[in-house]
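All remarks here apply to the structure that follows.
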């Protein structure tokens, strides 16, 4: 007999905004928010600004801003995991 699958849904929301205007040469700001369904949330912020190798392509800045936000989110989530492991070890 197969054990029932228990799911724990997490949700992720990505928001991209113009950092200082709508001009393609301006920056992009990405915010990635991760929620675990239990009231805990984690947020990563990424910014891509300035002239990216002479390219005025907003999509590239958006992708870079999202990548940086995901990296920031990863650091925050790993710090939370480390804190949880530390707390669990101190209660054993």
Next on the checklist: As a test of the formula, what do you get for the chain when each DSSP H run with n ≥ 4 contributes -39,500 (n - 2.57) and the sum is divided by the residue count, at 222 nm and rounded to the nearest 500 deg cm²/dmol?
Outcome noted: -13000 deg cm²/dmol
Checklist entry - Helix 58-90 versus the longest principal axis of the chain: what is the Cα-based angle in degrees, 0 to 90, to the nearest 10? => result 20
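So how many Å³ per residue does the convex hull of the Cα atoms of the chain work out to? Don't skip to the answer; put the middle values down first.
Values: hull volume 13.9 nm³, N = 92.
Value for the chain: 151 Å³ per residue.
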Checklist entry - How high is the relative contact order of the chain, given as a whole-number percent (alpha carbon pairs under 8 Å, six or more residues apart)? => result 24
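Read-outs: derived from the displayed coordinates by stated rules, not from any lab. What you see is a predicted model; the values in this text were computed from it and never measured.
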